[in-house]
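This report concerns only the one structure given below.
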Amino acid sequence: MKALILVDIQYDFCPGGSLAVPDGDAVVPVANRLQTQFELVVATQDWHPRGHGSFASSHGKPVYTVIEIHGAPQTLWPDHCVQGTHGAELVSALDRARIARIFQKGTDPEIDSYSGFLDADHQHSTGLADYLRERGVDEVFIAGLATDYCVKYTALDAAKLGFRAQVIEDGCRGVNLNPGDTEQALEEMKAAGVLLSPSPFSTGQRR
């Protein structure tokens, strides 16, 4: 069985948000059309407590500084997707009627979570993998924000967890903090066995 995973289509990642992905709102119509092609649709939602360890404001450092937390590199982000705020909500233009369940991530104040499946330390699960397996899902299609972070790590973890994983390129957009980040992410996913494809509704634009 196939499932569609919509990653972090939230106000803070769309134009006007605190961590806006360039052209991020362009994924919404693609996501809405894709949903009609799947029997099961789920979504992920970045859901950080205030003062999260990935926030630059929590460390008194400039945004996008890279520090080490628990022995691993951590990019420090603007405060974003704080629990209970408007920025953390899924955008209203996203059709939610077909979304069976929303999986929240990044809830541990000390550990970031780009992946929709596991925290960055790979010690804590969101429950998404078990949910999919219980419903007989063996193949996942992924769209959302952002290609070079949460989409990438969700796809990589899906592959590691034994799902056939495919990323819908025109249903994603990248942050591109550094030039070429999105292209590098796509190559990493391909090397891990993740398939890349346009949606059936592609207009020729991607990422």
Just to be sure I understand the model, the point goes 7 Å from the Cα along the line to the Cβ. What's the resulting residue 67 to residue 93 distance in nm?
3.5 nm
Charge dipole of the stretch 1-123 about the Cα centre (unit charges at C-beta), most positive-ward option of 58, 70, 118
118
Okay, which of the stretch 80-98 sit inside 18 Å, backbone N to the point 7 Å along the Cα-Cβ direction of residue 50?
80-89
Under 5 Å, built H, 5+ apart or other chain: amide partners of residue 144:
7, 172, 173
For the stretch 1-74, go through all pairs of different Cα atoms, get the mean of 1/r, take its inverse, and jot down that Kirkwood value in Å.
14.7 Å
In nm, the gap between the two label points placed 7 Å beyond Cα toward Cβ at residue 123 and residue 38 is 3.0 nm
Taking the Cβ of residue 84 as the centre, find all other residues whose Cβ is under 14 Å away and add up their charges (Lys, Arg: +1; Asp, Glu: -1).
-3
For the chain, size of Cβ-based charge dipole, Lys and Arg +1, Asp and Glu -1, in debye:
460 debye
Built amide H within the under 5 Å cut-off of residue 118, gap 5+:
126
Percent of alpha carbon pairs in the stretch 85-169 separated by more than 20 Å?
35 percent
Here the alpha-carbon Rg of the stretch 1-159 over 2.2 N^0.38 Å rounds to 1.00
Using +1 on the beta carbon of Lys and Arg, -1 on that of Asp and Glu, and nothing else charged, what's the dipole of the stretch 47-114 about the Cα centre, debye to 20?
240 debye
Check residue 14: other-chain or 5+ apart residues with amide H under 5 Å from its amide H, H built from backbone geometry?
21
Quick calc, residue 160 & residue 134: beta-carbon distance into FRET formula, R0 22 Å, rounding 0.05, result 0.70
Have a look at 34, 93, 17 and report the one farthest towards the positive end of the charge dipole of the stretch 1-100, computed about the Cα centre with Cβ charges (Lys/Arg +1, Asp/Glu -1).
34
Figure the gain on full extension for residue 188 and residue 110 (residue separation times 0.36 nm, minus the Cα-Cα span) and round it to one decimal in nm.
25.5 nm
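Bear in mind these aren't lab numbers, they're just calculated from the coordinates by the rules spelled out. Computed from a predicted structure; not experimentally measured. For neighbour counting, all protein chains shown are included, and Cβ atoms are generated from backbone atoms with ideal geometry for every residue, glycine included.
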